[in-house]
Amino acid sequence: MMSSQQPAPHGRSVFWRLWTAHSTSAFGAAVTTVAMPLVAVLELEATTFETSVVAAATMVAWLLIGLPSGVIVDRLPLRPVLVVADLVRAAALASVPVAVYLDSLTLAQLVMVAFVISVASVIFEVGYSTYLPAVVAKDRLTASNSLLQGSESVAQVAGPALGGSLVQLLGAAYSLVANVMSYLVSAALLMTVPPPRNGTPKKPKRNMAVEIREGVQYVRRHPVIRPFVFVGIGFNFTTGAIQALTAVFLVRTVDANSFAVGFLIAGLGLGGVIGAAVTTSLVKRMGTTRAALLTLFIAPVSALMMPLTFPGAGLAFFLLGNMGWGASTVTFAIIGRTYRQTAVSPDLIPRVMATVRFVSWGVIPVGALLAGAFGEAFGNRVSLLIFSLCTLLIPFPMLLSPMRKTRDLLEVDVSSTDGTTQVRPGADR
């Protein structure tokens, strides 16, 4: 159902504080994307599968609390939830360098730290996605989401490069201090942000299972959100596999050093910067549907470049492939997120966001664990190739849906309650 409510924006200063908090924590998290797997590989000499377990633990909370997280966020004061989530992540991550200093770090602790961060991140992400529409006018959401995604992508460029350098200089575990500090700064900034105002009064709280079911049914029946979720499953399943294999593939198969690993992982963020920068103009020129479809053809080509990587000049294959993958996923994510924030009524947004991420983000640890098992069985390069080939299936949910006939996603008629779809007159252009 299209929401007629217009959020009352607090003003640009509030958005910029939210943006700064988000960007700061994203920068630190990007350092950790390099440092955490390297802690497993270099400090603990973990196998491919053990490294994939660490990678899976960083996202497994979406499977465990992804669905109720929307209801939880909706029932609690939003700003304190975000602040506490940042503080919990900082405390958990700080335990790793402390354990290394005391010479007591174990794989079990590393997995537990990753899991705690995962739980806090689920709550933070759902809460943050709910906060934004209450601060930004709907006609500014695409540009605002592009700015947020762009800053996150910039962090994914600079963060891994810095992370690789810090690992070389300080060691993998001590480089995590950068992320600890970023979470503390983010928490401090969020404490200065006023509570969100929303034009829709909150409904009386009901049974949690009923509220969760309403969010699930809404997503299941929605003719636009449902195909986007299936595409997101394909993107995130492959991303989980690639990220689980990246460190061991580059270090042990390609013989790259820590700095090179950070630089190559940064390609994902650089592609994301490009994707975020062009999304608004791409949507204006092509329409939301066609812009989304374009990303679905760039993504498989990019993924298939990465298994071709070899030492020396061949590292360019991984860099270019990672850039293309980052650009595709970011552009598609911005389009999907903006549509949900625009088309879904404010009282349903937390539950819809939680449902979407439970399904699409919940497959990330599955992809990571399968990649680890395949890497042990067939080798890192063959495993990376297998999961890259899976990306050829990603475009089909959209290609088989009626929305492929439209220029813009908002042209799809979502008024029917039985899940059938109609295209509005004049939409096929």
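Read-outs throughout are calculated quantities, based only on the coordinates presented, and are distinct from any laboratory measurement. Quick caveat, the model's predicted, so the values are computed rather than measured. Note that we place each Cβ from the backbone using ideal geometry, even for glycine, and neighbour counts take in every protein chain shown.
Sort 309-316, 381-388 by packing, meaning the average of other beta carbons within 10 Å per residue, with the highest value first.
Put in order of decreasing packing, that is 381-388, 309-316.
Classify the range 259-300 as rounded, prolate or oblate, taking a ≥ b ≥ c as the square roots of the eigenvalues of its Cα gyration tensor: rounded when a/c is under 1.5, otherwise prolate if a/b is larger than b/c and oblate if not. List each step's numbers first, then the result.
On the way: a/c = 6.01, a/b = 2.20, b/c = 2.74.
Oblate, since a/c reaches 1.5 and b/c is not below a/b.
Quickly rank 53-62, 227-236 as a protection proxy: mean count of other C-beta atoms within 10 Å, highest first.
53-62, 227-236
Using 0.36 nm per residue of separation minus the Cα-Cα distance, give me the extension gain between Thr20 and Leu76 in nm, one decimal. Working shown, then result.
Details: separation 56, 0.36 × 56 = 20.16 nm, distance 2.31 nm.
Between Thr20 and Leu76, full extension yields 17.8 nm more.
Per residue, what volume in Å³ does the convex hull of the Cα atoms of the range 219-327 enclose?
It comes to 99 Å³ per residue, whole-number rounded.
With a ≥ b ≥ c the root eigenvalues of the C-alpha gyration tensor of the range 212-270, is it rounded (a/c under 1.5), prolate (a/b larger than b/c) or oblate? Don't skip to the answer; put the middle values down first.
On the way: a/c = 4.25, a/b = 3.42, b/c = 1.24.
Note, shape of the range 212-270 comes out prolate.
In sequence order, what are the phi-derived ³J(HN,Hα) couplings for the range 117-128 according to the Karplus relation 6.51 cos²θ - 1.76 cosθ + 1.60 with θ = phi - 60°, rounded to whole Hz, with x for glycine and proline?
Result, ordered by residue: 4, 4, 4, 5, 5, 4, 4, 5, 5, 5, x, 5 Hz.
Over 10 Å intervals from 0, what percent of Cα-Cα pairs in the range 358-402 sits in each interval?
Calculated over all Cα pairs of the range 358-402, the distribution is 24, 43, 27, 6, 0 percent.
Does the range 38-112 come out rounded, prolate or oblate by the C-alpha gyration tensor, with a ≥ b ≥ c the root eigenvalues, rounded set by a/c under 1.5 and, if not, prolate when a/b is larger than b/c and oblate if not?
It is oblate, given that a/c is not under 1.5 and a/b is not larger than b/c.
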